[in-house]
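Beneath this line is the structure, given in structure tokens, with notes to follow.
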Amino acid sequence: MNILVTGASRGIGKAICEILGDNIYAAARSEDLLSSYENYCVCDLSTFEGIEKLGNYIVENQIDVLINNAGGYIYSPIEEMNFAQIETITRLDLIAPLYLIAKAVPYMKEKKNGRIINIGSISGVMGEAYASAYSSAKSGLIGATKALALELAPYGITVNTINPGWVDTEMGNTSVIEGGFSKEEMIECIPQKRFVSSQEIAGMVKYLISEPARGVTGQAINLCAGLTCGC
Ligand code: NAD
């Protein structure tokens, strides 16, 4: 089973690669951080060229499991965002995943088997002030997940999105600071009084690609230590 993971160099993506072990096809921007993998593709998924390069790599390597994990975040009042910032976030968080799915699906259809997992965010489920571009893109992933689950069900392909709450990674910690909060203040708002770990997200990925999860499709799974339930 060939498994492609985007954003494999650190954080959640790295934890997913570690838990899944063999047959990993890793993608990220930095060759230095990817060189420990046997198979990898260096690409910037905020550019058209990078997305197309990874699309070709997917076609060449007959990918059975696609994990769209790479993502980016901008904290900004809407009126201060320029066109380029909105476009960059939308390309990285929504257009790239959709295009990569388009490139992975023909082989999965031929095999009548495949698993697609997107890493969304609870910001795509609940509102997050000053993160409108990020929230829009992550909501878009949920819409795509439901549509594609219907479209691809006859071919034995499942499509799901995992929506993490706050995760203890570089992105999680930076976005807390950008929002003007301390980590302790943020933890106070989380029902379980903790950040989720990358390993917990990776564990859900492992379940979703397992045989017992073949009936789970079209779902947006909030893995958020209770945050989407309210305070
Ligand atoms: P991270 O910043 O630690 O890692 C992000 C990964 O994406 C890195 O491997 C990075 O190289 C890759 N990436 C970023 N920009 C890229 C680009 N232009 N081209 C190619 N790769 C790029 O963040 P993380 O917390 O591990 O985030 C992984 C996913 O989880 C993201 O989609 C993020 O939106 C989502 N998420 C994270 C949190 C959190 O609190 N950390 C919460 C909700 C959702």
Magnitude of the Cβ-charge dipole (Lys and Arg +1, Asp and Glu -1) of the stretch 137-193 about the Cα centre, nearest 20 debye, reported as 280 debye
The relative contact order of the stretch 1-146, taking Cα pairs under 8 Å that sit 6 or more residues apart, comes to a percentage of 23 percent
For the stretch 193-201, in residue order, the Karplus 3J(HN,Hα) values (coefficients 6.51, -1.76, 1.60; θ = phi - 60°; whole Hz; Gly and Pro = x) are 6, 6, 7, 6, 9, 4, 5, 5, 5
The rounded separation in angstrom of the Cα centers of the stretch 105-133 and the stretch 196-221 is 12 Å
The answer for the stretch 1-143, accessible area per residue at 1.4 Å probe in Å², is 46 Å²
With the charge dipole of the chain built from beta-carbon charges (+1 for Lys and Arg, -1 for Asp and Glu) about the Cα centre, the Cα from 50, 6, 23 projecting farthest to the positive end belongs to 23
Among trypsin sites (Lys or Arg not before Pro) in the stretch 153-218, those in a DSSP loop whose Cβ has at most 11 other Cβ atoms within 10 Å are 193
Carbon plus sulfur, as percent of the 1.4 Å-probe accessible area of the chain, comes to 53 percent
Mean separation of Cα contacts under 8 Å (at least 6 apart) over the residue count of the stretch 107-231, i.e. the relative contact order in percent, is 32 percent
Taking a straight Cα-to-Cα line shorter than 20 Å from residue 193, and setting aside same-chain lysines fewer than 8 residues away, one finds 183
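The values are calculated or read from the model by the stated rules, or taken from the named source; none is laboratory data. It should be emphasised that the depicted structure is a prediction, and the values quoted were computed from it without experimental measurement. Backbone-built Cβ (ideal geometry, glycine too); neighbour counts: all protein chains shown. Please note that ligands, DNA and RNA were not included when accessible areas were found on the heavy atoms of the full protein model with its side chains. Shrake-Rupley method; radii C 1.70, N 1.55, O 1.52, S 1.80 Å.
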